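Written below as structure tokens is the structure these notes are about.
The values are calculated or read from the model by the stated rules, or taken from the named source; none is laboratory data. Bear in mind that the values here come from a model prediction, so they are computed numbers and not experimental data. Cβ placement follows ideal geometry from the backbone for every residue including glycine, while neighbour counts extend to all protein chains displayed.
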Amino acid sequence: MRFETFHIITYGCQMNLADSERIRGALLSWGLKEVDSEEEADLLFLNTCVVRDKSEKKVYGKLGKVNRFWKVKKRPLVALCGCMAQKEGRKLLDKFPFVVMVIGPSAIPRIFEALQRVQRGERVMFLDDEKLMELDKLPASRCSSFKAWVPITYGCDRFCTYCIVPFTRGRERSRHPDAVLREVEELASLGYKEITLLGQSVDSYGKDLPFKYTLADLLRDIEKIDGIRWVRFTTSHPLDFSDELIEAIRECSKVCEHFHIPVQSGSTRILARMGRGYTREDYLRLINKLKEIFPQPDSSYTSDIIVGFPGETEDDFQESMRLVEEVRFDVVYTAIYSPRPGTLAATFPDQVPEEIKSERINRLNALVARVARDIHRELEGRVYEVLVDGFAPKGDMLQGRTRANRIVIFNGDRSLIGSFVKIKIVKGETWALLGELIKD
């Protein structure tokens with residue numbers, strides 16, 4: 001069985017995007033050619049997510065589409081990677097004859113072995129592998145030439161009652177700081193200007209290392225690397241956002257003033273049922289401590305909130321609404337609670353009806369939009385440095401982000417992509433800022 005071309009579709013979080021860059025690099029080094037669509041590909045890689053039921057349904061929908069033209073053309077063959085591969089395992093091989101690889105997140109370093117075996121006509125399944133740190137040995141083919149994802153931890157030890165990640169990505173493992181710093185130094189030598197450090201609970205980095213070394217230490221060491229201008233990190237857990245980390249952020253000029261700290265609920269009662277380990281008051285103390293040093297609106301605060309967690313009453317939901325107003329989040333990534341098989345919360349008897357979940361999330365989204373619009377209007381007339389990402393989704397305007405990770409849209413020449421520019425904000429809209437380029 002021979003294949004010459006591939007196409008990758010990535011679902012889910014930034015960690016999956018980073019994993020896909022490793023997969024792409026491995027396939028290119030194998031001599032395969034990347035094509036623009038699944039219809040052209042001999043081998044289709046689906047890097048999957050199972051955080052919510054909706055994510056799984058998207059993948060199954062894609063598999064249904066592939067099945068229709070595979071019956072006619074006998075291509076593409078499919079490799080399923082990521083968290084859904086880990087969760088579903090052999091069921092995917094049994095159900096879909098065109099699926100030839102099922103590779104869990106921890107087994108991605110075995111992709112060369114998988115390719116060899118598939119070329120011999122085998123169908124392979126690699127799950128629960130402990131060779132995770134060998135990901136460092138896979139070449140990354142990055143989506144950008146100036147911004148890069150840099151994973152620093154894999155897996156999670158928190159076991160929140162709603163979350164399937166510890167079961168699909170395993171227990172938390174930190175990359176050795178030498179490996180991280182080598183990667184950042186290489187990126188700097190290649191002209192990269194921004195890096196984002198990734199982890200399911202990125203601020204717990206180093207807890208499993210055999211020596212004392214924390215995210216604060218890593219930020220201070222990255223600060224010394226010439227060439228990198230901006231450093232971000234995500235996603236943070238409130239319990240691990242230490243005073244040491246706050247002080248390191250204050251000291252390090254490269255670390256951007258954007259704080260993504262998921263709260264998940266504004267109700268202390270629901271937080272306890274979620275197994276989050278903190279109260280509403282604990283979370284507010286952390287945010288207020290940060291705001292004393294990094295005030296809005298020049299700094300930004302974003303979060304995640306789950307609506308309709310089992311047992312959530314209207315009073316609990318109102319606590320989440322009030323928290324959004326009190327903190328004044330720039331963005332809240334909202335989601336309707338989705339029971340995940342194997343998690344404790346899926347067994348709770350007091351599941352919230354779907355119609356109530358939908359009504360509540362609509363109210364929450366309206367509030368989040370209003371707060372975001374109010375903050376953006378406060379920025380009108382201010383000037384910010386922006387790293388230009390590329391073209392905006394619609395039209396021919398450019399788009400970039402500030403240090404606070406706010407999206408800015410403006411007119412400019414494509415030659416500005418990948419560079420830093422000064423932009424005057426002329427209008428604050430709900431999810432973006434409109435600006436004018438300040439020419440030197």
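Below is a table of values for the structure above.
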| quantity | calculated |
| --- | --- |
| Hits in the range 181-196 - residues which are in a helix (DSSP H, G or I), touching a residue at least 24 places away in the same chain (Cβ under 8 Å) and not β-branched (Val, Ile, Thr) | LEU181, GLU183, GLU185, LEU187, ALA188, SER189 |
| Residue selected from the range 1-22 under the condition among the hydrophobic types (A, V, I, L, M, F, W, C) and at pLDDT below 95, by the criterion nearest to the chain's Cα centre (by Cα) | CYS13 |
| Verdict on ARG276 being at pLDDT 95 or above, within 30 Å of GLN318 (Cα to Cα), in a loop (DSSP other than H, G, I, E, B) and not aliphatic (A, V, I, L, M) | yes |
| Members of the range 347-384 that are small (Gly, Ala, Ser) and in contact (Cβ under 8 Å) with a residue 60 or more places away in the chain | ALA369 |
| Residue in the range 71-79 that is under 26 Å from the mean Cα position of the chain (by Cα) and in contact (Cβ under 8 Å) with a residue 12 or more places away in the chain present | yes |
| Long-range neighbours under 7 Å by Cβ, at least six apart or interchain, first residue in the same structural domain as ASP243 (by TED's automatic domain parsing) within the range 270-296, second among the basic types (Lys, Arg) and at pLDDT 95 or above | LEU271/ARG280; ILE293/ARG250; GLN296/ARG328 |
| Verdict on LEU344 being over 18 Å from GLY275 (Cβ atoms) and not β-branched (Val, Ile, Thr) | no |
| Residue in the range 33-43 that is under 18 Å from the mean Cα position of the chain (by Cα) and either at pLDDT below 95 or assigned by TED's automatic domain parsing to the domain that holds ALA79 (or both) present | no |
| Residues located in the range 166-180, provided they are at pLDDT 90 or above and either outside any helix (DSSP H, G or I) or crowded, with 19+ Cβ neighbours inside 10 Å (or both) | GLU172, ARG173, SER174, ARG175, HIS176, PRO177, VAL180 |
| Filter pass, PHE420 being surrounded by 13 or more Cβ atoms within 10 Å (Cβ to Cβ), under 26 Å from the mean Cα position of the chain (by Cα) and within 19 Å of LYS439 (Cβ to Cβ) | yes |
| Residue within the range 197-219 that is crowded, with 18+ Cβ neighbours inside 10 Å, assigned by TED's automatic domain parsing to the domain that holds ARG171, assigned to a strand (DSSP E or B) and at pLDDT 95 or above present | yes |
| ARG273 vs. criteria over 24 Å from the mean Cα position of the chain (by Cα) and surrounded by fewer than 20 Cβ atoms within 10 Å (Cβ to Cβ) | no |
| ASP389 being within 19 Å of ALA432 (Cα to Cα), assigned by TED's automatic domain parsing to the domain that holds ILE423 and not small (Gly, Ala, Ser) | yes |
| Condition check for GLY227: touching a helix residue (DSSP H, G or I) at 6+ places or on another chain (Cβ under 6 Å) and under 30 Å from ASP389 (Cα atoms) | yes |
| Residues (within 24 Å of the chain's Cα centre (by Cα) and charged (D, E, K, R)) located in the range 299-324 | ASP304 |
| Any hit, the range 305-322, residues being among the aromatic types (Phe, Trp, Tyr), part of a strand (DSSP E or B), surrounded by 16 or more Cβ atoms within 10 Å (Cβ to Cβ) and at pLDDT 95 or above | no |
| Any hit, the range 249-257, residues being touching a strand residue (DSSP E or B) at 6+ places or on another chain (Cβ under 6 Å), more than 26 Å from LYS291 (Cβ to Cβ) and part of a loop (DSSP other than H, G, I, E, B) | no |
| Answer residue from the range 220-247, given it is among the basic types (Lys, Arg) and outside any loop (DSSP other than H, G, I, E, B) and is farthest from the chain's Cα centre (by Cα) among those | ARG220 |
| Matching option when the condition is in the same structural domain as ILE195 (by TED's automatic domain parsing) and either within 28 Å of LEU197 (Cβ to Cβ) or not charged (D, E, K, R) (or both), among PRO151, PRO76, PRO97 | PRO151 |
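The rows are residues; the columns are (1) at pLDDT below 95; (2) farther than 28 Å from THR168 by Cβ; (3) in a loop (DSSP other than H, G, I, E, B); (4) touching a strand residue (DSSP E or B) at 6+ places or on another chain (Cβ under 6 Å).
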| position | (1), (2), (3), (4) |
| --- | --- |
| VAL332 | no, no, no, yes |
| ALA345 | no, no, no, no |
| VAL352 | no, no, yes, no |
| LYS357 | no, no, no, yes |
| ARG363 | no, yes, no, no |
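The rows are residues; the columns are (1) hydrophobic (A, V, I, L, M, F, W, C); (2) buried (at least 16 other Cβ atoms within 10 Å of the Cβ); (3) in contact with an Asp or Glu (Cβ under 8 Å, 6 or more places away or on another chain); (4) in a helix (DSSP H, G or I).
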| position | (1), (2), (3), (4) |
| --- | --- |
| ASP19 | no, yes, no, yes |
| ARG22 | no, yes, no, yes |
| ASP36 | no, no, no, no |
| LEU44 | yes, yes, yes, no |
| VAL51 | yes, yes, no, no |
| LYS57 | no, no, no, yes |
